[in-house]
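This report concerns only the one structure given below.
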Amino acid sequence: MRLKKTVSEIEPSWLTGRSVLVRADYNVPVKDRYITDDRRIQLSLPTLELLLGAGAKVILLSHLGRPGGRVVPELSLAPVVDRLGSLLGMPVEFITDTDPSKQVSAAQEASSEQLLMLENTRFNEGDLTNDSELAMAWARLGELFVNDAFGTTHRAHASTSGLAQAMVARGHEAVSGLLVARELRFLDEALRTPDRPLTAVLGGAKISGKIDVIDAFLSQVDRLLVGGAMANTFMRALGFETGSSLVEENSVELAAELIKKGADQLVLPVDFVVAKEIKAQADTRVLDRSKISMGDRIVDIGPKTRAHFTEVIEWSKSIVWNGPMGVFEIESFSKGTIEIAHAVADACDRGSLGIIGGGDSGAAVEKAGVASRVTHVSTGGGASLKLFSGATLPGIESLTNR
Ligand code: ADP
Ligand code: MG
């Protein structure tokens, strides 16, 4: 992708007194109006501090959940307004009206406030359908657009690419925020000319959702390690019994093709941890991949596979990881995932590049306690996967070129 202009390239003196629209990703977990994890709010602070510090007036937009184009009180951004206010130590004016023209007048009325937030963008049906009138209405709110919502950049919505285009149509600039710029530096730029050997580790539940990524990786990487339920489908393609493991029957043929195509790079598990049931108290056994029988469920990669994957990771100078190696949510099925997380972190300690994409993989790295040691943990599951597969992101494409 073309390099995009970043908010840090805007002259601070220009920002003073200007209204700046910031699209953030405040799609945080909320339970009974309480935010259980505010990482996404924390991650938005650098861009906000930069703008507020330069004396800009900031108007925030974000979605939360899937309200389906109507007002759903449980999905109000009110808790985010409160948390952001306490994190920044300043008042956040909440514009609860969802009619865009009323939002414009409410923003004008609150002209003495420095920080405003609009209610959930997806309370408007036009956000998801990328309605250009809605984008145009929001564009009237500011003189600069900053997209810092990396997690939504793979979709074209009115509050993301639509708003960027509307701002540019009005003669303004649309730039990336600091978080988005950091994501692109690692997911796009760093992987264009990586230090080799380059290894990709893929896992998670489904092959079908990650086919484009497997394909793109096979033409780029030196090794592709496959674990998770995804590996089961490859096992079937190799002719092994998989018992009652999760297998995508429709993808077995495709897996066979990938085995042929990736003969030099593809590394598949040789043993597994199996259980009779996916639950915390279930007994586990370690089995060679040829010894799986009816009733067995593959829940993790086995010790020989862990050791081999770790060796490949140690040998690599760049590692990209998406998708856990097993059902890591359950302690006794999490060894493979945790060990790979440690292997990647150890490699990073020795100077290798380690990049984690995918929501569950990010959670696994947190659980392993190594998040701070890996080079980059992406905040966008779908967006990082799309970048890995070589696709462009509409939310980025629509920004001003550097
Ligand atoms: P990410 O969010 O990192 O992209 P995915 O969403 O593709 O990862 O997959 C994560 C899910 O895959 C986890 O919930 C995990 O329990 C599941 N999973 C991994 N291995 C297996 C397996 N062998 N059997 C069933 N589910 C698995
Ligand atoms: Mg996931």
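The values are calculated or read from the model by the stated rules, or taken from the named source; none is laboratory data. Treat the numbers as computed from the prediction; the structure is a model and nothing was measured. Heads up, the Cβs are rebuilt from the backbone with ideal geometry, glycines too, and the neighbour counts pull from every protein chain shown. The accessibility values were calculated without ligands, DNA or RNA, using every heavy atom of the protein model including side chains. Shrake-Rupley method; radii C 1.70, N 1.55, O 1.52, S 1.80 Å.
A few notes on this one:
- Top-ranked residue in segment 358-371 [being touching a strand residue (DSSP E or B) at 6+ places or on another chain (Cβ under 7 Å) and modelled with pLDDT of 90 or more; ranked as nearest to A205 (Cα to Cα)]: S361
- Counting only residues that are at pLDDT below 95, open to solvent by less than 60 Å² (accessible area, probe 1.4 Å) and in a helix (DSSP H, G or I), segment 107-124 holds 1 of them.
Yes/no matrix, rows are residues, columns are (1) within 21 Å of the chain's Cα centre (by Cα); (2) not polar (S, T, N, Q):
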position	(1), (2)
N124	no, no
E133	no, yes
A139	no, yes
V146	yes, yes
A158	yes, yes
V201	yes, yes
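- Some residue of segment 21-38 being more than 25 Å from A363 (Cα to Cα) and either within 25 Å of the chain's Cα centre (by Cα) or β-branched (V, I, T) (or both): yes
- Matching residues in segment 31-52 - criterion: being outside any helix (DSSP H, G or I) and either open to solvent by 50 Å² or more (accessible area, probe 1.4 Å) or among the aromatic types (F, W, Y) (or both): K31, D32, R33, Y34, T36, D37
- Residue match in segment 69-86 (condition: of a type in the set (A, V, I, L, M, F, W, C), in contact (Cβ under 8 Å) with a residue 60 or more places away in the chain and open to solvent by 60 Å² or more (accessible area, probe 1.4 Å)): no
- Residue, nearest to the chain's Cα centre (by Cα), within segment 357-398, restricted to residues that are open to solvent by less than 10 Å² (accessible area, probe 1.4 Å) and within 30 Å of G171 (Cβ to Cβ): G380
- Within segment 179-210, being within 16 Å of ligand 2 (Cβ to nearest atom), part of a helix (DSSP H, G or I) and surrounded by fewer than 18 Cβ atoms within 10 Å (Cβ to Cβ) holds for S208, G209.
- Condition met for D127 (farther than 17 Å from A24 by Cα, modelled with pLDDT of 95 or more and in a loop (DSSP other than H, G, I, E, B)): no
- Total residues in segment 271-304, condition free of Cβ contacts under 8 Å to residues at least 40 places away in the same chain, open to solvent by 60 Å² or more (accessible area, probe 1.4 Å) and among the hydrophobic types (A, V, I, L, M, F, W, C): 1
- Meets criteria (without any contact (Cβ under 8 Å) to a residue 24 or more places away in the chain, farther than 24 Å from K335 by Cβ and open to solvent by less than 60 Å² (accessible area, probe 1.4 Å)) for V221: no
- Of all residues in segment 148-162, none satisfies being among the charged types (D, E, K, R), touching a strand residue (DSSP E or B) at 6+ places or on another chain (Cβ under 7 Å) and surrounded by fewer than 24 Cβ atoms within 10 Å (Cβ to Cβ).
- Residue list for segment 234-265, filter: within 30 Å of the chain's Cα centre (by Cα), part of a loop (DSSP other than H, G, I, E, B) and crowded, with 17+ Cβ neighbours inside 10 Å: S245, L246, V247, E248, G262, Q265
- Only residues that are among the hydroxyl-bearing types (S, T, Y) and more than 12 Å from ligand 1 (Cβ to nearest atom) were counted across segment 318-373, and they come to 4.
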